[in-house]
Ligand SMILES: Cc1ncc(COP(=O)(O)O)c(C=O)c1O
C-alpha cells in the first residue's frame, strides 16, 4: 500500500459517481489499483482443508502456513467422522435440498437436527438457516416491527444491524458493553417494545458480552435481550452452550442464535427458543421462507459435529488452554491484544501502511493471520486477527509466536 492509497478507505466510495448504477465508482477502481498490494492479502486461496497447518496460494505459489485465520475452533471441519457422515448423507439424500424449507427443502435430517439443537440448547424448538448471516438478519427482521426499537451494541455484527434496518424499526446504539450507555438508550424509548442485541463473544475484539450487567439494565426497562452466540456456541461454556452458559444467564434469554460456520466447522445458522415464537418466525423470516434449505450433506455433518462437540469436552478444554497460553506469550512479547480474553485475538498495529507491509512479511514467513482494516475496526484499532483452535499444538503456537516476535516486535525490544 502506498502513501496515497492509505489516505482512503472503503467508507469513501459510497456515493454513485456516474449515471450507471451498475458501474463501480471510477475513483474506487483507481484506488483499488493503487492499493493492489493490500488487496492481495484478501480472499487468499486455501489449497487444502482449514487445519491448524495448511497451504494457501501466496503470490501464485503454494505456501505452507500456520493457520490462525480459520474459525475451525474445535477442528471439526476436517474431522474424519464428520466427513464420513457427510459422505453417507450424500449417498442417501443427494446433494442439494432443492427448495426452501417451507415448500420442499425440509428433510428427515433437517427435522432431526432441529430436535437435537433444541435439546442441546435446552429449548422447546429450533429452526435452521442456510447461512449464519441470513439467520441473524432473518430473526431480527422477522420479529421486529416498525414501531419497535432495536438497541444494538456499537460493535454488533452487520447481520444484526442489517436485520434491524430491514425491519424498518427504530435503531439505537449503545457504547460497547456499557450498561450506563444502554440505560440511557433504553430511557429514550419508554413505552415502546425494545430488543437489546448483544453477542456472546465479539468477533473482532474477542471479548465477552457483558451479559449480567446488560441483562439487568434491560430487565429494569422491561426490554428483551437477543444473543448472537456465533463465535461461542459449542466452543464456550462447560457443555458448549456458549457465553450464556458460561455466565449462567441462559434462563434470562428467551432466544439463542448461533452459527454452524464456526466451532461446528460447517455452514448455516439456527435460532432456538419457544415453539410459538419460532412457528411465527418460520413464516416471517425471509431468508428462511424464500431461500433454499441447507444441503442434507451439511446437515448430517453438523449432526456429527454436534455429537463430537458435546461428548468430547476435552476439545473445548484444549481450545481454552491454547488461547490462554497464546495470550500469555503475546503479553510477554508486548503485543497489544486489546480487550480480548478468548481464542479470538486482535494483534493491534494501529497503522494501516505498517499493517499491510507486515501482513506480507508474515505470509512470506509462513504465518497466516487476517488483516482487519477500518471500517471493520476503528482506525486506531487496525490489526491482524488471530484465532487459535484446539488443533494447534504447542509447537504450532511457539512457531507462530517466533514469527510474530521477529516481525512485529522492534529488534531493540526482542529478548529484552
Ligand atoms: C457475530 C456474528 N454473527 C453472525 C455471523 C454470520 O455468520 P456466518 O458467517 O455463518 O454467515 C458472523 C460471522 O462471522 C458473526 O461473527
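Which residue, 160, 103, 362, has the most motion in a Gaussian network model of the chain that connects Cα atoms within less than 10 Å?
Per the Cα network of the chain with a 10 Å cutoff, 103 tops the list.
When the gyration tensor of the range 80-311 is built from Cα positions, what are the square roots of 5 times its three eigenvalues, in whole Å, from largest to smallest? Display every interim value, and only then the final one.
Working: eigenvalues 188, 75, 37 Å².
Result for the range 80-311: semi-axes of 31, 19, 14 Å.
Provide the FRET efficiency to the nearest 0.05 for the residue 81-residue 10 pair, computing r from the beta carbons and using R0 = 60 Å. Intermediate results must be reported in sequence, preceding the final value.
Details: r = 41 Å, r/R0 = 0.68.
Here the calculated transfer efficiency is 0.90.
How are the Cα pair distances of the chain distributed, in percent, across 10 Å bins from 0?
5, 20, 29, 28, 16, 2, 0
Subtracting the Cα-Cα distance from 0.36 nm times the residue separation, let me have the gained length for residue 154 to residue 33 in nm, one decimal. Display every interim value, and only then the final one.
Details: separation 121, 0.36 × 121 = 43.56 nm, distance 3.18 nm.
So the extension gain works out to 40.4 nm.
Given N residues in the range 272-416, what is Rg(Cα) / (2.2 N^0.38 Å)? Mind showing how you got there, number by number?
Working: Rg = 20.2 Å, N = 145, 2.2 N^0.38 = 14.6 Å.
The reported ratio for this selection is 1.38.
Grab the Cα-Cα distance for residue 61 and residue 112, subtract it from 0.36 nm times how many residues apart they are, and report the gain in nm with one decimal. Please list the in-between numbers first.
Working: separation 51, 0.36 × 51 = 18.36 nm, distance 4.34 nm.
Computed gain between residue 61 and residue 112 is 14.0 nm.
Before rounding to the nearest 500, sum -39500 (n - 2.57) across all DSSP H runs of length at least 4 in the chain and divide by the residue total; then give [θ] at 222 nm in deg cm²/dmol.
Details: 15 runs with 166 residues, N = 416.
Rounded to the nearest 500, the figure is -12000 deg cm²/dmol.
With N set to the number of residues, divide the alpha-carbon radius of gyration of the range 238-308 by 2.2 N^0.38 Å and report two decimals. Numbers along the way, then the final one.
Values: Rg = 13.6 Å, N = 71, 2.2 N^0.38 = 11.1 Å.
Here the Cα radius of gyration is 1.22 times the empirical estimate.
If you count, for each residue, the other Cβ atoms within 10 Å and average over each peptide, how do 24-34, 378-388, 308-318, 172-182 line up from highest to lowest?
Numbers: 24-34: 13.7, 378-388: 20.4, 308-318: 16.4, 172-182: 18.5.
Output ranking for 24-34, 378-388, 308-318, 172-182: 378-388, 172-182, 308-318, 24-34.
So how do 393-399, 135-141, 289-295 stack up, highest first, on mean other-Cβ count within 10 Å?
Numbers: 393-399: 14.4, 135-141: 27.6, 289-295: 19.4.
With the highest mean Cβ count within 10 Å placed first, the list reads 135-141, 289-295, 393-399.
Within the range 125-151, whose backbone N sits under 19 Å from a point 7 Å along Cα→Cβ of residue 275?
Counting backbone N atoms under 19 Å from the label point, the list is 125-128.
I need the peptides 69-76, 260-267, 121-128, 49-56 ranked by packing, meaning the mean over residues of other C-beta atoms within 10 angstrom, with the highest value on top. Please report the intermediate quantities before stating the final value.
Values: 69-76: 24.2, 260-267: 26.2, 121-128: 20.0, 49-56: 17.8.
The packing order, highest mean first, is 260-267, 69-76, 121-128, 49-56.
Only the coordinates and a few stated rules stand behind these numbers; no lab work does. Note that the structure is predicted; figures quoted are calculated from it, not measured. Note that each Cβ is placed from the backbone with ideal geometry, even for glycine, and that neighbours are counted across all protein chains shown.
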